[in-house]
Amino acid sequence: MKKNLSILLAALMLLATLAGAVACAEKPANTDSTTANAGTQATPDETTNGETTPQFVFKNYGDTNFVVYMRNESAGSYPGRYIDTEDVSETISAAVYQRNSIVESQFGIKIETIQTADPYKTVENDVKGDSVEYDVILDRRSYLSSLAKKGLLHNFNDMEIDFSRPWWDKNTVEQYAIGDKLYFVGNDISVANLSGARFFYFNKKMVEDYHLTDPYSFVEKNEWILDNFLTMVKSVVNGEAEGTLGTYGILLETGDANGNYMHLLTGCGVRQTYWEDGNLISAFDNQSEKIQTIFDKINVVFKDPTIACDYTTAEKLDTSGGTFANKYDRGRNNFAMGHFLFVQNGMGIAAQFSEMEGEGYGIVPNPKYDSDQENYAHKIDKYSLIFCIPESASHVDFEKDALVLDYWAHQWSLTVVPA
């Protein structure tokens, strides 16, 4: 049974692509130093009295465009945001405009976007037809893997970029690599990589009403573990009449894209794969007992319909009215209205909870397996966007891409982060 479970889990989770654990890095908030026309790679960062001054190479590209081929708002969910803007009326947009203006002036470029619902769909024809009109691509990471397999994406590891710098996501650099190939990588130009990490929102009023331990105190004591999380979830049961939407411990998400089981496994330190001597190895073989234990614990709680209610069932039971784009938006509205103690998602949907009663919501990491586990871990939503570069030497200047992307991501820490 355990062998079959491992095979099933491997198939299920590989559909959701590689997991990425989100790590926070200190962002240097100091001035830049220019090294003009000094080759393709910046000189090493300088450190004085503990302060690091990043070094960059700036070249003038003669008022050319730097184009991002990006998933747009009309695509519905997971659009590209905060890449380019002319609107300075809103705090974040103004910071994005400032960031881009600084980058544009340093390189003599104009940052622009070409936007469509699914950029990945045209890349093969563009590359093979030698008609690429963009420098980088920003699209769903799960969609880009097919382009990499066909040899349509450029290897980031062939570029002069120091990926140890804090504005590059070290987890994507390490975990998305295939041997010495790296076809897509997360950086601080886009918020998609950070917003793709799924954690738990909790209803503060329900914690108080049910006299539960504050999840923040569990975190402070290093006791935010699977057992304590599940104890909280099963403390809230449906007290309403049958056939109506009552109160539950969790708004349950199922499926192979972002099911709660998948994210909880990642939180408990279960990795899907790892590299050994150049070979991709399944990480399930030596974790089957731990995985079985995790499933047994979760099933006791999540299989109880008086404790856990999934999005589809919640939509059927909800009689409050209102118009929503999909069952997920409706379910999250039910969370805001006090029907659920926990819901799991990323930071991109926080605005849907702005009108919650009482003290609103709190946020906590995925629970650890136990207190001996060193770090919290979070899987990135497989639909969240990530950068890649088309393999088109005749239309893409890879040196230009390396210099611009590195400095552009760095400027995020000086402008967009404070905003």
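The values are calculated or read from the model by the stated rules, or taken from the named source; none is laboratory data. Quick caveat: nothing in here was measured; it's all calculated off a predicted structure. With ideal geometry, Cβ positions are generated from the backbone for all residues, glycine too; neighbour counts draw on all protein chains shown. These accessible areas exclude ligands, DNA and RNA; they are computed on the full protein's heavy atoms, side chains included. Shrake-Rupley method; radii C 1.70, N 1.55, O 1.52, S 1.80 Å.
How large is the helix-only mean residue ellipticity at 222 nm for the chain, computed as the sum of -39500 (n - 2.57) over DSSP H runs with n ≥ 4, divided by its residue count, in deg cm²/dmol to the nearest 500?
-9500 deg cm²/dmol
Over 28 Å between C-alpha atoms is what I'm after, so list which of K110/K181; K303/K379; K110/K149; K121/K379; K150/K170 land there.
Cα-Cα > 28 Å for K110/K181; K110/K149; rest within.
How big is the Kirkwood radius of the range 90-164, worked out from every pair of different alpha carbons and given in Å to one decimal?
Hydrodynamic radius (Kirkwood, Cα pairs) of the range 90-164 is 14.9 Å.
Compute the Cα gyration tensor for the range 273-419, then decide on rounded, prolate or oblate, letting a ≥ b ≥ c be the square roots of its eigenvalues: rounded whenever a/c is under 1.5, prolate when a/b is larger than b/c in the other cases, and oblate in all that remain.
The shape class here is oblate.
Among bridges DSSP assigns within the range 209-348, what percent are antiparallel (round to 5)?
Bridges in the range 209-348 are about 45 percent antiparallel.
Charges only on Cβ, +1 for Lys and Arg, -1 for Asp and Glu: so what's the dipole of the range 238-320 about the Cα centre, in debye to the nearest 20?
140
Along the Cα→Cβ direction, 7 angstrom out, place labels at N60 and A94. What is the inter-label distance in nm?
Distance between the two pseudo-spin positions: 3.2 nm.
Given 10 °C and 1.306 mPa s, how large is the Stokes-Einstein diffusion coefficient of the range 136-203 in µm²/s, with Rh as the Kirkwood radius over Cα pairs?
In µm²/s, the coefficient rounds to 120.
At a Cα cut-off below 12 Å, give the aspartates and glutamates reachable from K368, other chains included and same-chain residues fewer than 8 away excluded.
Of all the aspartates and glutamates, those that pass the test against K368 - Cα under 12 Å, at least 8 places apart if same chain - are E223, D227.
Based on DSSP H assignment, which helices of the chain show an axial Cα extent of at least 27 Å together with a mean Kyte-Doolittle hydropathy greater than or equal to 0.5?
Qualifying helices, which must be both long enough and hydrophobic enough, do not occur.
After finding the eigenvalues of the alpha carbon gyration tensor for the range 141-265, what semi-axes result from the square roots of 5 times each, listed largest first in whole Å?
40, 19, 12
Between D209 and D296, with labels modelled 7 Å along Cα→Cβ, what's the label distance in nm to one decimal, could you check?
A separation of 3.5 nm, rounded to one decimal place.
Given the C-alpha atoms of the range 201-295, compute the convex hull and give its volume per residue in Å³.
That works out to 143 Å³ per residue.
Just for the Cα atoms in the range 286-325, what are the lengths along the principal axes, largest first, rounded to whole Å?
48, 22, 8
Could you point to the residue in S282, F295, P305 farthest towards the positive end of the range 270-310's charge dipole, with +1 and -1 charges on the Cβ of Lys/Arg and Asp/Glu respectively?
P305
If I ignore ligands, DNA and RNA and count only protein heavy atoms, how much of K121 is accessible to a 1.4 Å probe, in Å² to the nearest 10?
130
Return a whole-number percent for the relative contact order of the range 287-384, with Cα pairs under 8 Å and 6 or more residues apart as the contact set.
Relative contact order here is 13 percent.
How many nm separate the modelled label positions at D180 and E289, each set 7 Å beyond the Cα in the direction of the Cβ?
Placing both labels 7 Å beyond Cα along the Cβ direction yields 4.0 nm.
Indicate, rounded to the nearest 5 percent, the antiparallel portion of the DSSP beta bridges found entirely in the chain.
55
Explain nothing, just the number: relative contact order of the range 215-296, from Cα pairs under 8 Å at least 6 residues apart, as a whole percent.
15
Give the value in nm², to one decimal: projected area of the alpha carbon convex hull of the range 33-187, averaged over all directions.
Over every viewing direction, the Cα hull of the range 33-187 projects on average to 11.3 nm².
With every protein chain left in place and a probe of 1.4 Å, what is the accessible surface of T313, to the nearest 10 Å²?
60
What are the principal axis extents of the Cα atoms in the chain, in Å, biggest first?
Cα extents, longest axis first: 70, 52, 52 Å.
Counting only protein heavy atoms and a 1.4 Å probe, tell me what percentage of the chain's accessible area is made up of carbon and sulfur.
Of all accessible area on the chain, carbon and sulfur atoms account for 48 percent.
Compactness ratio of the range 222-352: Cα Rg over 2.2 N^0.38 Å, N = residue count?
1.21
State to the nearest 20 debye the size of the charge dipole of the chain about its Cα centre, where the only charges are +1 on K and R beta carbons and -1 on D and E beta carbons.
The dipole of the chain has a size of about 1100 debye.
For a quick protection proxy, order the peptides 349-358, 170-179 by their average other-Cβ count within 10 Å, most packed first.
Ranked by mean Cβ neighbours within 10 Å, highest first: 170-179, 349-358.
To the nearest 20 debye, what is the magnitude of the charge dipole of the range 85-213 about its Cα centre, counting +1 on the Cβ of each Lys and Arg and -1 on the Cβ of each Asp and Glu?
Result for the range 85-213 is approximately 540 debye, rounded to the nearest 20.
Work from the charge dipole of the chain (Cβ charges, +1 for Lys and Arg, -1 for Asp and Glu, about the Cα centre) and give the residue of Y248, Q373, F324 farthest towards its positive end.
Toward the positive end, the furthest listed residue is Y248.
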